[in-house]
């Protein structure tokens, strides 16, 4: 992804960077991370594999102290693609026992030490829209008010920005008081809508499967939300029951992840059930998540798929990065 955006020359601190989807999109908008931080070794390996020039720090956000990393002081953007906060954490927020909520709080508290010009937090859309999450929003807003930041909550769907997937994401964007330009939320670009068939036709045909075009023609919709699943248990699949049913309607077995795309002798017959459907590969899932084909994922198949499923689509990071950069540059 070429650095050609309006924000060329801007700096960022990437926390909970994961496989780098958000950071990659922001890079396209001109942001260079002074540190990309994650606590998962395989994610850090992925970041180093693709961007050896980045300063990748393998550590827990709860243990990160900017005093020890003063290059983070005053960066243009603090960017955080955080673990998904649950509704139960919102209800029981005073207990302090929910890790995802503690990470969210730690990100906001990091603002005290780093004092970035802008903040970008990505999480579940319910964090933005649901009353159940109001106590968390109020807690974050109180801290940002205290620090003198102005902020905006909104939801974007990756499908509106060229990603062939129905993936709604909740965002918080904040700016320091000395950034005078008004931030403009990215608007949907419906001309960029891409179907699953359009996105995956070339790969489905790459080993000589002669029904790839037929399959692609009926896969004429966007994908359901890819779900990474738990790091602690289970194998790789494309999501919960509803998602698997949606995949089955496109003739895809959503209950597993394949090692390779269909070969020339593959017999596709969805009426036979799972045995008559193909599964997607990690690389195909990454395509549906918006990653470029050259982006590599470290680890074994399940770990690679987990990284893809938990990632933020780079295209979304790009349009947000452009909008943030425009506000910072004005």
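Annotations for the structure displayed:
- With contacts taken as Cα pairs under 8 Å and at least 6 residues apart, the chain reaches a relative contact order of 21 percent.
- Ranking of 149, 305, 73 by count of other Cβ atoms within 10 Å, fewest first: 73, 149, 305
- Gain on full stretching of the segment that runs from residue 248 to residue 49 - 0.36 nm per residue minus C-alpha separation: 68.2 nm
- Beta bridges per DSSP with both ends in the chain, % antiparallel, nearest 5: 40 percent
- The order of the peptides 265-277, 209-221 by mean Cβ neighbours within 10 Å, most packed first, is 209-221, 265-277.
- Rounded, prolate or oblate (a/c below 1.5 giving rounded, otherwise prolate when a/b exceeds b/c) for the stretch 80-199 by Cα gyration tensor: oblate
- Rounded to the nearest 10 degrees, the inclination of helix 99-114 to the longest alpha-carbon principal axis of the chain is 40 degrees.
- Proportion of all alpha-carbon pairs of the chain beyond 34 Å (%): 24 percent
- Residue with peak Gaussian network fluctuation, the chain [Cα springs, cutoff 10 Å], from 107, 225, 180: 180
- Packing-based order for 150-157, 16-23, 123-130, using average beta carbon neighbours within 10 Å, highest first: 16-23, 123-130, 150-157
- Cα-based helix-to-principal-axis angle, 41-50 vs the chain, degrees rounded to 10: 80 degrees
- In this rough spin-label picture, where each label sits 7 Å from Cα along the Cβ direction, the residue 168-residue 301 distance is 3.3 nm.
- For the chain, a Gaussian network of Cα nodes joined below 10 Å ranks 203, 312, 230 by mean-square fluctuation, and the top entry is 230.
- Normalised contact order of the stretch 180-330, rounded percent, pairs of Cα under 8 Å and 6 or more residues apart: 26 percent
- Cα centroids of the stretch 248-288 and the stretch 161-239: 18 Å apart.
- Subtracting the Cα-Cα distance of residue 218 and residue 267 from 0.36 nm times their residue separation leaves 16.0 nm of extension gain.
- Relative exposure of 194, 67, judged by other C-beta atoms within 10 Å (fewest first): 67, 194
- Cα gyration tensor category, rounded, prolate or oblate, for the stretch 192-307 with a/c compared to 1.5: rounded
- For the chain, the longest principal axis of the C-alpha atoms and the axis of helix 301-310 are separated by about 50°.
- Result for the chain in a Gaussian network model with C-alpha springs under 10 Å: among 137, 318, 167, the largest mean-square fluctuation is at 137.
We did not get these values from a lab; they are worked out from the coordinates using the rules stated. Since this is a predicted model, take the numbers as computed values, not measurements. So basically every Cβ, Gly included, is an ideal-geometry build from the backbone, and we count neighbours across all protein chains shown.
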